[in-house]
Amino acid sequence: MNEIDLTAAVTRLEAAMGALRGRLRDRLGISGTDLTVLQYVARAEAAERKVRVKDLVSHLGLSGPAVTGTVDRLERAGHLCRVPNPDDGRSRFIELTPATERSYASAMDSTNEHLHELLSSLSERERAKYVRLIDRVVEALEYGAPTP
């Protein structure tokens with residue numbers, strides 16, 4: 001594949017991600033960081049991982065107070081809820097509310113099923129290579145081309 005094909009593929013990926021975010025924004029009535037938070041929580045729940053504020057801080061690269069403010073706002077809007085951590089009574093996990101879970105799933109259509117089917121068809125080695133490639137593309141998009 002030549003450089004033009006790779007550039008076109010990245011452009012198609014960007015367009016598809018933009019369309020997906022547009023569907024989610026329209027369905028959930030939110031955008032920006034709020035949408036990124038909901039997407040992160042939804043993906044974590046799909047992978048049966050629990051989310052804490054510190055996970056969002058790390059993912060978003062924002063301060064703890066900024067993330068707490070975002071979570072508070074999304075909780076007041078009925079999108080998120082905090083649930084006790086059974087292993088540590090002082091901490092809480094962040095989850096989608098049932099209504100937001102339904103809206104999110106509806107906006108995603110069969111996207112998750114198609115992605116799951118695609119990714120489960122890859123070997124462990126192929127998945128590892130795919131993740132490394134995505135990380136390098138993200139690095140290039142965010143910080144300029146990585147050094148070899």
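Structure notes:
- Centre separation in Å (Cα based) which lies between the range 28-52 and the range 106-145: 17
- Whole-Hz Karplus values for the range 125-137 come out as 5, 5, 4, 4, 5, 4, 4, 4, 5, 4, 4, 5, 5 Hz, taken residue by residue from phi with 6.51 cos²θ - 1.76 cosθ + 1.60 and θ = phi - 60°; glycine and proline positions read x.
- Where GluC sites (Glu not before Pro) fall in DSSP loop in the range 47-113, at most 14 other Cβ within 10 Å: 48
- Cα pair distances in the chain, grouped into 10 Å bins until the bin that holds the longest one, percent each: 9, 33, 35, 19, 3, 0
- Calculated FRET efficiency, residue 75 to residue 31, Cβ-Cβ distance, R0 = 25 Å: about 0.90 to the nearest 0.05.
- Couplings for the range 11-28, taken from phi via the Karplus curve 6.51 cos²θ - 1.76 cosθ + 1.60 with θ = phi - 60°, read 4, 5, 4, 4, 5, 5, 5, x, 5, 4, 4, x, 4, 5, 4, 5, 5, 9 Hz in order; Gly and Pro are left as x.
- Total charge dipole magnitude, the range 29-140, about the Cα centre, Cβ charges on Lys, Arg, Asp, Glu only, Debye to nearest 20: 320
- Scoring 49-58, 132-141 by mean Cβ neighbours within 10 Å over their residues and listing the highest first yields 49-58, 132-141.
- Relative contact order %, the chain, counting alpha carbon pairs below 8 Å whose residues are six or more apart: 20
- Estimated FRET transfer efficiency (residue 91, residue 113; beta-carbon r; R0 35 Å; 0.05): 0.60
- Highest-first arrangement of 27-37, 7-17, where packing means the average Cβ count within 10 Å: 27-37, 7-17
Every number here is computed from the coordinates shown, using simple stated rules; none is lab data. Computed from a predicted model, the values in this text were never measured in an experiment. Every residue, glycine among them, receives a Cβ derived from its backbone with ideal geometry; neighbour counts consider all protein chains shown.
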